[in-house]
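Below is one structure, written out as structure tokens; comments come after it.
The values are calculated or read from the model by the stated rules, or taken from the named source; none is laboratory data. Worth saying up front: this structure is predicted, and the values here are computed from it rather than measured. Note: ideal-geometry Cβ built from the backbone for every residue, glycine included; neighbour counts use all protein chains shown. The area values use the complete protein model at the heavy-atom level, side chains included, leaving out ligands, DNA and RNA. Shrake-Rupley method; radii C 1.70, N 1.55, O 1.52, S 1.80 Å.
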Amino acid sequence: LLLTPENTSLSIVDTTATINMFVFWASWCTPCRKEVPLLKVIEKKYNGTGLKIISISIDEKKDQWLKAVAYEKMNWPQVHVPLTQIADVQNQFRFITIPLIIFTNNKGREIKRFADYDPDNISASICPVVFCISWSSERCSDQLADNKHKEIKRFADYDSENVTACESLIHEYIR
């Protein structure tokens, strides 16, 4: 459990979500801040569909994180990793660089990850999310996590240049 700006504890895995999207960032990270407008588009488009976004800050200075959260006006849950726990969180999620986006199913099993800022990666990352939400199946996110189902994996690995292209392929597939 990590703390929100209001100092309440929050579990990062939402067991009611179809897909969880963890966004690791910090206020001092310029690429992380560049990513925020794209994340806002994703949040607006997929809010209420089963996608749950949570931003996880690894700022060493909590006051800098709070200023950035207020400035960026992100409308999804925000949590902060205390300085004493940053190394543990980096080990748990196996990362050394930010920004980092990790998708998990509702049990916390990893589906896909994208490191560093790349607008095309963010667009492509939504593809498996849209597929699972469109299919409305926990089985889908489990299979993505297991990488067992070839058709679903094809969509998870699809490198779309934009979300619309990905969505049209998905809608063709599920008809």
Out of the residues in region 68-122 that are among the basic types (Lys, Arg) and on the phi > 0 side of the Ramachandran plot, state the one that is most open to solvent (accessible area, probe 1.4 Å). ARG94
State yes or no: is LYS107 farther than 16 Å from GLU35 by Cα and at pLDDT below 80? no
Taking region 11-51 and keeping only residues that are under 23 Å from ILE86 (Cβ atoms), open to solvent by 60 Å² or more (accessible area, probe 1.4 Å) and not aromatic (Phe, Trp, Tyr), one is left with SER11, THR30, ARG33, LYS34
It is to be established whether one or more residues within region 29-38 are within 16 Å of PHE114 (Cβ to Cβ) and among the acidic types (Asp, Glu). yes
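For region 50-97, which residues satisfy the criterion of being assigned to a helix (DSSP H, G or I) and under 14 Å from GLU6 (Cα atoms)?
Going residue by residue through region 50-97, those that are assigned to a helix (DSSP H, G or I) are 62-72, 83-92.
Passing the criteria: LYS62, ASP63, TRP65, LEU66, LYS67, VAL69, ALA70.
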